[in-house]
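What follows is a short report on a single structure.
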Amino acid sequence: MTPLVIYTDLDGSLLDHHTYSFAAAEPLLGELAASSIPVVPCTSKTRAELSVFRHRLGNAYPFIIENGSAVYWEAADGSRTAADSERIDTLYRHRFVPAREHWRPILEQLGRDLDGCFTPFSAMQVADVVELTGLSAEEAAAAMQREFGEAVHWRGSDEQLQAFSKALREHGAAVHRGGRFIHVMGPSDKGRALQWLNDHYNDPGGSAPISIAIGDGNNDVPMLEVADYALLIRSPVNPLPAVDRDSGLFVSQEPGPAGWQQGLRDIFAHINFSLGGIVDG
C-alpha cells in the first residue's frame, strides 16, 4: 500500500519558470523514486506534453491533465479502474468535464464581442506558441493537443478579462489564470481531481495515502486547499496566491525546483517521514 503521494504542478514549481529545468530537484526525485513514493503531475499541460515529460523523468505514475479535467493511469495498473473509466490506448482515463469542442463556438462568439482581446490555441500556429513560450516546435505542438479545455493568450485589460470570465461562467465554464495563459474548461479543478485519485489510489478497502500538493499559481489553489499538506512555491514573476487553510501550509524559500526540493524536505521533517521509512504522525 502506498503511504504518501506527492501531487505537483509543473511550470514554476517542479520546472523552472524560465528554463523548464528540474535539475535542482533531481537529488530528491531520485530518493523518492528509490523509495517508490509516487510523484503525480497535476498540471495545465496536455496528455501529449505529459508523455514527453514522464519519459524524461522516468515517471510511470498516474497524472492529472488540463487543470483537473481528467486523470490518466497505465492500463497495466487496473486497481483503480472504475465503471465510468475509459480505455485510451495503453491508458485508462477518468474525465470530469466536456471535450474541448464544447467551448469553441462560445469562444468564437466572445472573440467577436471582445475583438482583439485574446487568441485561443485553436487559432494559433505552432510558431505562435513557440514565440509565446520559448518551447521547441515539438513541445509547442504537444501543448496545442488539448482534449478538454482551451488555452487563451490574453491581450485585453483586466476589466475586459472580468467580462470575459463572467460570460464564460454563465456558460458553465471554469476560468483559470495560469503562469502564461488563461485556461477555459468545464467545472472541475486540480483539487477535485486530486481528491478522486487519492481516494482511488490504493486498493479498494485500503486507506487513502497522505497527500502533499505543490504549486505556485492561482490554478493550484484548489489542490493546495484539499491536500493533507500543501507546499506553496515562490514565483520569480507573480505574487503568492491566497490559500485558505488553517494548518499544513508550507511556503518555499526559493522559487522553482530548488524550492520544491527544500519545501518537501521541510514537510517530511514536520511529519517525521523518512524516505524508505514510515509516517509517525
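The values are calculated or read from the model by the stated rules, or taken from the named source; none is laboratory data. Here the structure is a predicted model, which is why all the values come from computation and not from measurement. Positions of Cβ are backbone-derived with ideal geometry, glycine not excepted, and every protein chain shown enters the neighbour counts.
Here are some notes:
- So residue 24, is it within 21 Å of residue 145 (Cβ to Cβ), among the hydrophobic types (A, V, I, L, M, F, W, C), within 21 Å of the chain's Cα centre (by Cα) and surrounded by 15 or more Cβ atoms within 10 Å (Cβ to Cβ): no
- Selection over segment 27-49 of residues that are surrounded by 20 or more Cβ atoms within 10 Å (Cβ to Cβ) and under 23 Å from residue 177 (Cα atoms) gives a count of 9.
- If the condition is being part of a helix (DSSP H, G or I) and surrounded by 17 or more Cβ atoms within 10 Å (Cβ to Cβ), then segment 168-194 contributes 168, 190, 191, 192, 193, 194.
- The single condition from (1) assigned by TED's automatic domain parsing to the domain that holds residue 51; (2) closer than 30 Å to residue 128 by Cα that residue 232 fails is (2).
Condition check ((1) within 14 Å of residue 90 (Cα to Cα); (2) touching a Leu at 6+ places or on another chain (Cβ under 7 Å)) across all residues:
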| site | (1), (2) |
| --- | --- |
| 56 | no, no |
| 60 | yes, no |
| 65 | no, yes |
| 70 | no, no |
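- Here 150, 131 are screened, and the one residue that is acidic (Asp, Glu), surrounded by 18 or more Cβ atoms within 10 Å (Cβ to Cβ) and under 19 Å from residue 11 (Cα atoms) is 150.
- Scanning segment 140-163 for residues that are in a helix (DSSP H, G or I) and in contact with a helix residue (DSSP H, G or I) (Cβ under 7 Å, 6 or more places away or on another chain) gives 140, 141, 142, 143.
- Against the criterion of being surrounded by 17 or more Cβ atoms within 10 Å (Cβ to Cβ), among the aromatic types (Phe, Trp, Tyr) and more than 17 Å from the chain's Cα centre (by Cα), residue 61 does not qualify.
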